[in-house]
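Mind having a look at this structure? Questions to follow.
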Amino acid sequence: MPTLSTKGLPTMPTSRAPHRARPRRAATAGLFITLAACAAAASAAGAAEPATMRLTGASPAYPTAVPVTMADGTVRNVRPSRYHYAFTTSPTSTLGVPAVAEGFCVDTAHYVVSGRDYPVELQTAADTPALATPGYREAGWLVARSRDAIASAADPQREAAAYQVAIWQLTGQVAEGARPTGDAPINARVAQLRAEAQGRSLPDALDVDAVPQPTCRGVASVVTVTGAPGAEVALEASEGAAVEPAVVTLDATGTAQASLSLDGAGVATVTGRMQTSRAVRAAKPAGAQNPQDQLLVVPATLEDSDTHTFQDCGGGYLSLPGLPSPIAAPPGDAAPAPEAAAAPAAPVLPAPPALAPLAAAATPVGLPGRDAAYRVSVRNTTRRVARNVVVRQALPSGGAARDASGPTGTRVRVTRAGVTWTIARLAPGATVRLRSTVAVPGDAAGDLMRADVRVTGLGPRARVQVATSVLEPVTAADQGFTN
């Protein structure tokens with residue numbers, strides 16, 4: 001079994017170094033790009049990419065300014081918040097920075113205001129060594145998990161503030177210690193986040209290892225996958241070969257196994273792909289005073305491959321693993337078939353995960369007084385026809401439902417408090433898609449407008465929660481500066 005490094009990433013059980021993601025340009029916007037290939041490739045990586053950044057607003061934004069102790073000991077009144085951006089990148093960009101993104105400030109010495117276009121450089125650890133330091137690696141890990149944590153928090157504004165302060169500490173912007181701000185609840189949450197992030201980083205290594213010794217055709221061989229604990233890795237075999245299961249989930253040690261087979265003799269290739277994220281810093285160009293630098297994460301794919309040789313064990317030779325060349329059978333004697341023990345045992349494969357019966361998505365950002373759209377998908381994951389399936393969308397944090405729709409045969413009831421859909425009949429494996437429109441409250445700026453969606457009639461009740469970040473303009477004063 002592999003061991004884990006102090007950064008939470010697996011090291012190879014073999015003598016060769018862990019594979020890093022190979023850079024690959026996406027053919028469409030829907031594809032993810034890969035990370036830097038390895039240390040050697042990283043050293044040859046190009047410079048940071050130019051882009052234009054516009055700060056579109058803050059949400060959640062802490063409602064009041066709090067005293068924050070900077071790294072130099074000075075105190076400034078700041079509203080720690082999560083920021084939202086619009087990016088314009090080069091058509092040849094390979095970083096995969098989306099047009100709309102969110103992140104956090106990593107530069108308290110400068111300010112940024114909403115509604116203005118700024119030239120920036122998009123930097124990664126491949127071209128900016130500072131982003132490979134432990135502090136920035138932990139900060140990137142926090143950014144990657146911040147969206148779900150903020151959306152589910154009892155107080156999203158305080159949660160966003162705590163994430164911002166923790167990221168400031170990790171990137172050397174504010175004072176270390178238990179009291180970086182004058183707000184005790186924020187400080188307490190910052191301490192928790194720092195403890196959770198200690199030694200953590202975004203996954204940047206994936207290993208796919210086939211058994212090095214040849215085995216007989218038609219006999220499954222073991223493939224070992226190593227990476228970040230809990231990650232899902234999609235596996236694909238070359239033409240004529242098969243790998244099962246097609247998706248593995250890495251256990252607490254960062255390991256999983258699959259079975260590779262080939263009917264005929266030859267070489268089979270197995271490839272693993274893992275969806276992850278990588279940190280990108282949007283930094284002001286050299287010599288510029290603004291904007292302040294921002295840290296965000298973008299989708300990425302880690303990929304690794306290995307090969308295994310399957311031999312034809314019949315004929316006039318004995319095929320024994322570990323021997324450099326075949327041994328001729330005695331004259332006149334047929335070559336004995338290899339014993340089953342000569343081939344590694346196929347792993348016990350887990351059952352594939354069940355599909356979720358309920359999924360929902362919301363307009364990611366909105367403005368006070370405007371509309372936000374919600375999309376809900378309901379899937380019958382049972383083996384029976386479901387009748388009178390009820391889907392309820394409640395709006396616990398304000399907002400008023402305006403209209404809703406569903407497929408033919410769906411009854412829809414709209415009230416200011418939410419929407420109820422009743423699906424008369426849903427066949428096994430079938431999916432229906434529902435839609436609603438909600439008016440964003442005028443007083444919701446800087447907060448989340450959440451929707452709670454539940455379904456009954458498909459076995460155990462399922463529930464998901466989605467949120468729209470309602471943007472609030474950002475000024476220099478919010479960051480402790482006076483113009």
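When residues of segment 383-406 are filtered for being out of contact with any Asp or Glu (no Cβ under 6 Å at 6 or more places or on another chain) and surrounded by 14 or more Cβ atoms within 10 Å (Cβ to Cβ), how many remain?
Final tally of qualifying residues: 16.
Counting only residues that are closer than 18 Å to Arg79 by Cβ and acidic (Asp, Glu), how many does segment 140-196 have?
Here the count works out to 3.
Still on this model: Does Asp148 fit the bill of being acidic (Asp, Glu), without any contact (Cβ under 8 Å) to a residue 40 or more places away in the chain and over 16 Å from Leu295 (Cβ atoms)?
yes
Of the numbered conditions (1) surrounded by fewer than 16 Cβ atoms within 10 Å (Cβ to Cβ); (2) in contact with a Ser or Thr (Cβ under 7 Å, 6 or more places away or on another chain), Trp168 satisfies every one except a single condition; which is it?
Here Trp168 clears every test but (1).
Name every residue in segment 370-421 that is out of contact with any strand residue (DSSP E or B) (no Cβ under 8 Å at 6 or more places or on another chain) and hydrophobic (A, V, I, L, M, F, W, C), in order of residue number.
Correct list: empty.
Then there's this: Find all pairs meeting these conditions: Cβ atoms under 8 angstrom apart; at least six residues apart or on different chains; first residue within segment 382-396 and over 25 Å from Ala451 (Cα atoms); second residue surrounded by 13 or more Cβ atoms within 10 Å (Cβ to Cβ) and small (Gly, Ala, Ser).
Correct list of pairs: Thr382/Gly459.
Additional query: Of (1) at pLDDT 95 or above; (2) surrounded by fewer than 22 Cβ atoms within 10 Å (Cβ to Cβ); (3) farther than 30 Å from Thr128 by Cβ, Ala265 satisfies all except one. Which?
Against the list (1) at pLDDT 95 or above; (2) surrounded by fewer than 22 Cβ atoms within 10 Å (Cβ to Cβ); (3) farther than 30 Å from Thr128 by Cβ, Ala265 comes up short only on (1).
Does Asp447 count as in contact with a strand residue (DSSP E or B) (Cβ under 6 Å, 6 or more places away or on another chain), over 30 Å from Val66 (Cβ atoms) and either of a type in the set (Asp, Glu) or assigned by TED's automatic domain parsing to the domain that holds Gln157 (or both)?
Working: in contact with a strand residue (DSSP E or B) (Cβ under 6 Å, 6 or more places away or on another chain): yes; over 30 Å from Val66 (Cβ atoms): no; either of a type in the set (Asp, Glu) or assigned by TED's automatic domain parsing to the domain that holds Gln157 (or both): yes.
The answer is no for Asp447.
Tally the residues that are at pLDDT 90 or above, of a type in the set (S, T, N, Q) and closer than 24 Å to Pro364 by Cβ, restricting the search to segment 393-439.
So the answer is 5.
Here is a list: Gln294, Gln275. Which entry is surrounded by fewer than 16 Cβ atoms within 10 Å (Cβ to Cβ), closer than 23 Å to Ser93 by Cβ and touching a residue at least 12 places away in the same chain (Cβ under 8 Å)?
Gln275
Could you identify the single residue in Arg179, Arg158, Arg200, Arg217 that is in contact with a Cys (Cβ under 9 Å, 6 or more places away or on another chain) and in contact (Cβ under 8 Å) with a residue 60 or more places away in the chain?
Within the list Arg179, Arg158, Arg200, Arg217, the selection yields Arg217.
A further question follows. For the list (1) in contact (Cβ under 8 Å) with a residue 40 or more places away in the chain; (2) farther than 19 Å from Glu472 by Cα; (3) part of a loop (DSSP other than H, G, I, E, B), I need the number of the one condition that Pro91 fails.
Going through the list (1) in contact (Cβ under 8 Å) with a residue 40 or more places away in the chain; (2) farther than 19 Å from Glu472 by Cα; (3) part of a loop (DSSP other than H, G, I, E, B), Pro91 breaks only (1).
Can I ask one more? Somewhere in segment 233-241, is a residue modelled with pLDDT of 95 or more and surrounded by fewer than 15 Cβ atoms within 10 Å (Cβ to Cβ)?
yes
The values are calculated or read from the model by the stated rules, or taken from the named source; none is laboratory data. This structure is a prediction, so every number in the text was calculated from the model and none was measured. Glycine also receives a Cβ, built like all others from the backbone with ideal geometry; neighbour counts cover every protein chain displayed.
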